[in-house]
Amino acid sequence: MDPAGIFATSYRQDQSLIRTRNQAIALLIFVVALFALPMVAEVRSVAVMTSMLITAVVILGLQINTGLAGQVNIGQAAFMGVGAYSTAVLASKLHLPFWLALPAGGVFAALFGLIFGLAAVRIKGFYLALTTIAAQILFHFFVLNLPQKWLGGSNGITLEPAELFGFRFETDISMYYLCLVVAMIMIAGGYGIARSRHGRIFAAVRDDDVASGMMGINVVRTKALAFLVGAFYAGIGGGLWAYYVRFVAIDQFTLIHSIWFIAMIIVGGMGSITGALIGVFVIRMAQESITSMGPALIERIPFLGGDLVFAAMNIFLGSVIAGFLIFEPRGLMHRWNIAKRSYRMWPYPY
Amino acid sequence: MIDFLNYLINGALTGLLYALIAMGFVVIYRASKVFNFAQGELVVFGGYMVWWTVIQMGMPLWIGLPVAFVSAAIFGLMIERIFFARLVGESVFSMVMVTIGLLILIRGVVLVMFGPQVRAFPMVFPIDPLIFGDILISRSMLYGGLLTIALGFGLSWFFNKTRTGLTMTAVAEDHQVAMSMGISVQRSIAFAWILGSVLSTLGAMVHLSGRSINMLSSDIGLAALPVALLAGLESLAGLLLAGVLVGVIQGLASAYLDPLVGGAIGSVFPFIIMLLMLLIRPTGMFGWKTIERV
Amino acid sequence: QVTYNIAGIADFTGPFADIMKDTTACRRGVVDWWNDEVGKSLGVTLKVKEYDSRYDVAQVASLWPGIKAELNPIAIFGLGGPDSNALQQRLPNDKIPLLLGTSGYGFAWKSDSWVFNARATYPHEAAGFYAWYQKKMGGAPLKVGVISSEVSPAYVDIHKGVERFAKDNPQILEVVETIYTEAQPTDLTQQVNRLLRKGATVIQVFNNTASVVATRRALQSLGKSNIPMVVSAHNGLLSSGKALGDLNQMEGSYEVYGMAIPTEDPTTARAFFEKLRTQYKTQANFTSPCMMGLAMSLLTVRSVEHVVKAKGPAGVTGADVRAALQTNAFPSEQTFGVLPNIKFSNEAPFPTSGLAVNIGTIEKGKYKLAGENAPVPNVNKW
Amino acid sequence: MELPVLELNNVEVLYSEVILAVKGITARVPKGQCVTLLGANGAGKSTTLKAISNLIRTEDGRVTAGSITFDGTNITGANPVDVVRQGLVHVMEGRKVLRHMTVEQNLVVGGHMGSGREAKERLDEVYSRIKRLAALRDRTAGYLSGGEQQLLVIGRALMSQPKLVMIDEPSLGLAPLMVEEVYGLLSDLKASGLTLLIVEQNTRVALELADYGYVMESGRIVLEGPSSQLKSNEDVREFYLGLTVEGERKSFRDMKHYRRRKRWLG
Amino acid sequence: MSDLPKGKHAEIVLSASHLLLKFGGIVALNDVSIDVRDDELLAVIGPNGAGKSSLMNCLSGFYRPKAGEIRLGEHSIRGMGTHEVAARGLARTFQGTHIFSGMTVIENLMVGRHLHMRTNLIQSFCHFGPAVREEVAHREAVEEIIEFLEIESIRHTPVGSLGYGLRKRVDLGRALAQDPKILLMDEPMAGMNTEEKEDLARFILDVREAKHIPIVLVEHDMGVVMDLADRVAVLDFGRKIAEGTPKEIQVDPAVLKAYLGEGVA
Ligand SMILES: Nc1ncnc2c1ncn2[C@@H]1O[C@H](COP(=O)(O)OP(=O)(O)OP(=O)(O)O)[C@@H](O)[C@H]1O
Ligand SMILES: Nc1ncnc2c1ncn2[C@@H]1O[C@H](COP(=O)(O)OP(=O)(O)OP(=O)(O)O)[C@@H](O)[C@H]1O
Ligand SMILES: CC(C)C[C@H](N)C(=O)O
Ligand SMILES: [Mg+2]
Ligand SMILES: [Mg+2]
């Protein structure tokens, strides 16, 4: 939304994301800051940021699938797992280079997601949401029980660092840059999809799938597409993760992870790409500050003991999520929009 | 043959246990339209209440159990008071999402209150099984199963036939409409959580009798999920059939297929049955059909 | 006095939270003791800082770079699968060794490792038990029923390893069937009955305490309490007995691992623990989880000792510690009998030669040592 | 005018903290009478009703100023449940039946407040008043035709024995015969002493039934008076009844573009 | 303007013959046939529950009739999904509101343009060049409709917070954005006052004038129907009981009995 007094003078302008010079400058500064981060921040922040960037990619997919297209998905971690496994298998067994293995992981995840996309055609609402839990169960089962040679079974798969033009991404900082670049591409793409014809039909199907059909939207295809895109993002995130940890195993992609993913889009706000990023940032920050506060707390008050301190942290995190929902059910993005709107109207109260 | 019968009967009883746990989901859904992701956590909390009264405080069963049930009910009420009271009037979706927060929160509460140790769960039902020839039936499962059947029909009657039950069903249809009729959505939600809590405690009692409890016991919530969906989220009596179906198929699969494939294929069966059924009937066997009019 | 840091990874809120308290307390105790009685004279102090990983790979992966930057540790105390999963690949770059009190896994069985398990794998330990028990029972091949689970890949790894060992050694044992349960099993009577009808004379439960309890109850309800079970360190007799109500219920069952058995008997390990408790205020129970804590930390401090003795208190690095772990032998006396004689090789992240296990049991309601230093037969990779 | 049962005093309503939908309206509904609220789309009629029943809070709205008094008590911002308990029922726009429940279940739920026996009596009463419903009692409400649903929601409101019923657009989407039937029912109810507040687009029938009318435009009341007076008001005739100055019905084909521009305000 | 040249209504654009539709025991449509000719406005009236919406739903592919045939132009569309029917040029508006409430007015109308847009997912992802150009081009088309419907001021308002009447207008705009060959309107004027009905009537007339789109209109307001329609079909209990010019219908005794009631003109 523009500040008062500024109007778009062409449709192109009206549709663009960055509409004032100030906004462009702010964005530029932000991007530069992201690139400069490893030079100024301590290693821990860089590592946290790396995991945030990877999560952000996964969450963007979830936001497109759940927030935008309205198909609640509690199996995003499984989709991410499929991506991670595919990338790992392709990289370690078929020796595909990074730049091929990563998108290929996304494609495989997308295909897996497609299955649930097709289910979404008939199954709706809670039923669909809960059906996606099956993705989690099936993923787990198949990885463990398919021949060990294929997916590593209980052994997991190790892989070599990503390599691009002869450069090996081994250090934390190089990995950060790799994730940053991939994440920026995916984020830009997310914005692109969200405001294009595809994003619109996603939202249309979310709001009213019957009416959408009568507008000429192929609802079946659209839902499948939403899952496809969502899972593709998850797969890319999974692939990055595989290169980051260089070991994939089944217990990295569990139901609890999926639930945290949902929590992130709730806190950020459903349906907004920016909201998804905010959600990742806020939840990860909360988690990270808690895990880093813990040891300090134990040192100060030793008699509490690690078991109590860290358990209490769970209560805190749960309350943060519940609190968000109670006081701002539409997420932080909504709050932000209200703030922007009143800023536009200022000094009039409404 | 005898093996087969054994698997059949015990599968059915396990299925009824799932149905009992799933009843927690359905009751909360049926009275508030909220799908409770923290159902497994309610089971754990209820279970710990039983542990606390009977083992920790050393109360005899006939005092300990009622005290545990009352505490669970109070816990359910507290959840409503703290988390849902303020949300009345907001979208149902937010309420459902709150239960995700609750899931994480209750885990923390359980950890802090009861610790992470595996604790002995009281022997609520005698441990010696009933033996009919070669057929062996665990008492806790049998009594639990009977209780589940009674509850299934009883609650079904309550929600479909009594005025209070119908009033709550109205809340599950549409919060705003219910409010416009002067129905207290808040009270209905409170009732839902109290009942859900108590049923979960009952479920914990049957599930854990004589065994052990720790926070991982919440996994039963996940196992019960396919039963709830198979029956349809609005159907209580339907749970019984769905439970037996899932239990029997799972039992047979893990008896005959697990050794064959060398993996726990039995545990994915419920989800596969559920998926197939939902593809045929998108709202489960007995759930409300979506009414779509343009 | 030079201070070096050790990163302590713990699971306070995840699935192994139940055993964490004893483990972390005991490994702290060792460090306190060592600082006081050894380090002081060597001019070195060690410091442990603990982090909660929730037994979650993602958490470890995102925690670690920060820990590394913050502490610059010379060693890591870990507790199992997720730590080695998340760090295995990067430790060679970071040059910091990770020490675990748990057994190793098939999937980590690789050469040139920076991860060190104080014990061989779970299947090794099981094999040691079966060889010992078979001899005790008269030499006929054992019939073993396995209760396992697919909830964690680690459990799968264990039963796969045992199945492989059985296949390679039919004269020692046959696995009649592997039963898969949930993390908190429902009634197991039916399944256990099936194992018994297939002739099982021992039941192995290496997954978790809840499964031990459920299996035991199934045996009791079948009136077959005399069938022994064998369990491992992380779901040992003491904790399982406690979860069953009292120790009597585990009468006749066994636990096995390549560490001392934490019995009441006046062993050297016991004496050492008592010293920690009285002199160093270690608040823990003398249990197998504690033993795991002792094991990993004793190996660590002894390695540091080797390094400092060789190159002086200054400039100790993680690489030095790893080198010391790999080159030195650790005789049992150095670990106060907590561990048998240990010698790491480059082939595996755990000791592979001269392995021996200890076996604990409950006899007349008393927790006792049943077999000492039982040799572990050769176990092939699975 | 008689003693008002319902009184609105300078009520303002705000949605989402930004949209001021009702900008200070003052109105009264006398006991036993029928009052109608007319106005263009988006004038704020439904919002006004929702503000009275306070269902507005389910839509992120709130009353920011003014007071609403019902039967002597201030019900501004009261819990909707208490509002109904005091005898004020709001029949919402769009025939909101409980779709998966049967007609009878809908009615039973409507009468959830009194004792079981009372509910039974009232059920019989509703069935005898609205004969059509009795025949439909076991049908699923979601599959009824529009008119039947409208009768059902009115019947359901009667189950709580209200003193005042607010009905939002009862004739919406109804065929002429059905409109007559619904309004026949409403005038019956009025005759039996029930106070009614009706929001309506179908100005002709509404003014036929009502004693008094308010006309809203952009959140304000722009015109009010006894219905006979309103019926003869020139603007009402033109814009709401669609009559020419001579009192004939204009043809929709003859509308001239510029005439549509006329508005009372803004 | 009031009298359209009759000669133009020659070609049959949409025809349904012998439709049968049942829901359980209820026969919603029983042997109903209608033809819509080029450039005409056909009104369908009938009491509540007569099957008017069901007919619209059959025509637009939402319900599948048990028997009968539906042709749009030369092709049979029976058994096609709603989106396929829409792609062949049939647009409709809805009884009640079926509008994308989470989106702004512009976005709603842009959804209507969906059928005419071609960018693929990858182009959307990149969002420059052809994708942007196409967006802008269609935005222009949408702006025309916005101007036509006089909803400029609410362009960027989420439709969820619009009043009923404006929503209906957006609904119409969305259907127009599809550039349809034929337009079905289910009770577009329900919930409007006379003035607004006049507005909408004007729009409908303008649409016909400017675009020559045949329209099927379901409406309860007899004034509107009689003034606007070229022909009227009357349904009752799922059967077509009469068809003819408004004048004929107004005096048809069966219609009077079933629908209008005695005394209502
Ligand atoms: N939930 C909401 N959020 C924001 N604004 C709203 C909401 N509901 C209504 N409005 C706005 O309030 C104003 C009044 O709406 P209201 O529904 O009261 O009108 P109405 O007079 O009932 O119209 P109609 O005849 O179309 O039903 C409109 O401008 C509308 O845009
Ligand atoms: N999806 C459905 N399931 C069951 N019955 C239906 C369904 N849709 C319509 N009906 C029934 O078919 C009949 C015709 O309904 P329809 O909606 O077509 O009527 P209508 O003429 O449009 O009425 P109205 O003027 O109230 O809109 C009604 O009896 C209705 O109850
Ligand atoms: C068997 C294992 C899952 C448990 C053990 N404590 C480990 O993590 O290594
Ligand atoms: Mg209204
Ligand atoms: Mg209709």
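Couple of notes before you dig in:
- Take the conditions (1) within 16 Å of ligand 2 (Cβ to nearest atom); (2) under 14 Å from the mean Cα position of the chain (by Cα); (3) open to solvent by 10 Å² or more (accessible area, probe 1.4 Å); D:Tyr212 misses just one of them, which is (1).
- Which listed residue is under 16 Å from the mean Cα position of the chain (by Cα), more than 8 Å from every other protein chain (Cβ to nearest Cβ) and open to solvent by 20 Å² or more (accessible area, probe 1.4 Å), from C:Asp83, C:Asp11, C:Asp22, C:Asp32: C:Asp22
- Index of the failed condition, E:Ile122 passing every other in (1) open to solvent by 50 Å² or more (accessible area, probe 1.4 Å); (2) touching a residue at least 12 places away in the same chain (Cβ under 8 Å); (3) not charged (D, E, K, R): (2)
Let's see how each residue does on (1) within 16 Å of ligand 2 (Cβ to nearest atom); (2) open to solvent by 10 Å² or more (accessible area, probe 1.4 Å):
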| site | (1), (2) |
| --- | --- |
| E:Asp179 | no, yes |
| E:Thr194 | no, yes |
| E:Ala210 | no, yes |
| E:Val216 | yes, no |
| E:Gly223 | no, yes |
| E:Arg231 | no, yes |
| E:Lys240 | yes, yes |
| E:Thr245 | no, yes |
| E:Tyr259 | yes, no |
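- Condition check for D:Asn233: open to solvent by 10 Å² or more (accessible area, probe 1.4 Å), more than 16 Å from ligand 3 (Cβ to nearest atom) and under 13 Å from the mean Cα position of the chain (by Cα): no
- When residues of the stretch B:181-192 are limited to those that are open to solvent by less than 10 Å² (accessible area, probe 1.4 Å) and facing another protein chain (nearest Cβ under 9 Å), the one nearest to A:Gly125 (Cα to Cα): B:Val185
- Among the criteria (1) under 17 Å from A:Leu60 (Cβ atoms); (2) open to solvent by 10 Å² or more (accessible area, probe 1.4 Å), the one A:Ala203 does not fulfil is (2).
- Selection count where residues are away from ligand 3 (no atom under 16 Å from the Cβ) and of a type in the set (D, E, K, R), scope the stretch C:2-34: 2
- Scanning the stretch A:111-144 for residues that are among the aliphatic types (A, V, I, L, M) and in a loop (DSSP other than H, G, I, E, B) yields A:Ala120, A:Val121, A:Ile123.
- Whether a residue is more than 16 Å from ligand 3 (Cβ to nearest atom), open to solvent by less than 10 Å² (accessible area, probe 1.4 Å) and not in a loop (DSSP other than H, G, I, E, B) was assessed, and E:Asn30 does not pass this test.
- Only one of E:Pro188, E:Pro180 that is touching a helix residue (DSSP H, G or I) at 6+ places or on another chain (Cβ under 9 Å), more than 9 Å from chain D (Cβ to nearest Cβ) and more than 16 Å from ligand 5 (Cβ to nearest atom): E:Pro180
- Residue check for B:Leu275: away from chain C (no Cβ under 13 Å) and more than 13 Å from the chain's Cα centre (by Cα): yes
- Conditions (1) in contact with a Ser or Thr (Cβ under 9 Å, 6 or more places away or on another chain); (2) in the same structural domain as D:Gly72 (by TED's automatic domain parsing); number of the one not met by D:Leu189: (1)
- Hits in the stretch C:257-298 - residues which are in contact with a Gly (Cβ under 7 Å, 6 or more places away or on another chain), assigned to a helix (DSSP H, G or I) and open to solvent by less than 60 Å² (accessible area, probe 1.4 Å): C:Ala269, C:Leu276, C:Ser288, C:Met292, C:Gly293, C:Ala295, C:Met296
- Residue list for the stretch C:337-351, restricted to those being open to solvent by less than 50 Å² (accessible area, probe 1.4 Å) and in a loop (DSSP other than H, G, I, E, B): C:Gly337, C:Val338, C:Leu339, C:Pro340, C:Phe344, C:Ser345, C:Ala348, C:Pro349, C:Phe350, C:Pro351
- Screening the stretch B:151-228 for helices (runs of 4 or more DSSP H) wholly inside it with 2 or more residues that are within 19 Å of the chain's Cα centre (by Cα) and within 14 Å of D:Val109 (Cβ to Cβ) returns the ranges B:163-173.
- Condition check for E:Ser60: within 14 Å of ligand 2 (Cβ to nearest atom), modelled with pLDDT of 90 or more and away from chain D (no Cβ under 14 Å): yes
- E:Ser17 being within 9 Å of another protein chain (Cβ to nearest Cβ), more than 19 Å from E:Ile213 (Cα to Cα) and outside any loop (DSSP other than H, G, I, E, B): no
- Entirely in the stretch D:32-148, the helices (runs of 4 or more DSSP H) that have 3 or more residues that are among the hydroxyl-bearing types (Ser, Thr, Tyr): D:45-53
- Total residues in the stretch D:45-90 satisfying the condition of being aliphatic (A, V, I, L, M), within 15 Å of ligand 1 (Cβ to nearest atom) and either open to solvent by 10 Å² or more (accessible area, probe 1.4 Å) or more than 24 Å from D:Leu3 (Cα to Cα) (or both): the figure is 3.
- Scanning the stretch E:49-101 for residues that are open to solvent by less than 30 Å² (accessible area, probe 1.4 Å) and within 16 Å of ligand 5 (Cβ to nearest atom) yields a total of 15.
- Within the stretch D:184-208, the set of residues being open to solvent by less than 20 Å² (accessible area, probe 1.4 Å), farther than 18 Å from D:Val89 by Cβ and away from ligand 4 (no atom under 16 Å from the Cβ) comprises just one member, D:Leu207.
- Within the stretch A:312-327, residues that are at the interface with chain B (Cβ under 7 Å from one of its Cβ atoms) reach partners that are open to solvent by 50 Å² or more (accessible area, probe 1.4 Å) and modelled with pLDDT of 80 or more with beta carbons closer than 7 Å, at six or more positions or on different chains, in the pairs A:Ala312/B:Val112; A:Asn314/B:Arg107; A:Ile315/B:Val112; A:Ile326/B:Arg86.
- Yes/no for E:Glu40 being more than 16 Å from ligand 2 (Cβ to nearest atom), away from every other protein chain (no Cβ under 14 Å) and buried (at least 16 other Cβ atoms within 10 Å of the Cβ): yes
- Selection from the stretch B:237-272 of residues that are within 7 Å of another protein chain (Cβ to nearest Cβ) and surrounded by fewer than 19 Cβ atoms within 10 Å (Cβ to Cβ): B:Pro259, B:Val261
- Among residues that are under 19 Å from A:Arg122 (Cβ atoms) and touching a Gly at 6+ places or on another chain (Cβ under 7 Å), A:Phe232 is not included.
- Restricting the first member to the stretch E:198-216 and to residues that are more than 11 Å from chain D (Cβ to nearest Cβ) and under 17 Å from E:Arg231 (Cα atoms), and the second to residues that are open to solvent by less than 10 Å² (accessible area, probe 1.4 Å) and assigned to a strand (DSSP E or B), the beta-carbon pairs closer than 6 Å and six or more apart or on different chains are E:Ile213/E:Leu183; E:Pro214/E:Val36; E:Pro214/E:Ile182; E:Ile215/E:Leu41; E:Ile215/E:Leu183; E:Val216/E:Val36; E:Val216/E:Leu42; E:Val216/E:Leu184.
The values are calculated or read from the model by the stated rules, or taken from the named source; none is laboratory data. Fair warning: this is a prediction, and the values are worked out from it, not measured in the lab. Every residue, glycine among them, receives a Cβ derived from its backbone with ideal geometry; neighbour counts consider all protein chains shown. The protein model used for the area step is the full one, side chains on, heavy atoms only, and it has no ligands, DNA or RNA in it. Shrake-Rupley method; radii C 1.70, N 1.55, O 1.52, S 1.80 Å.
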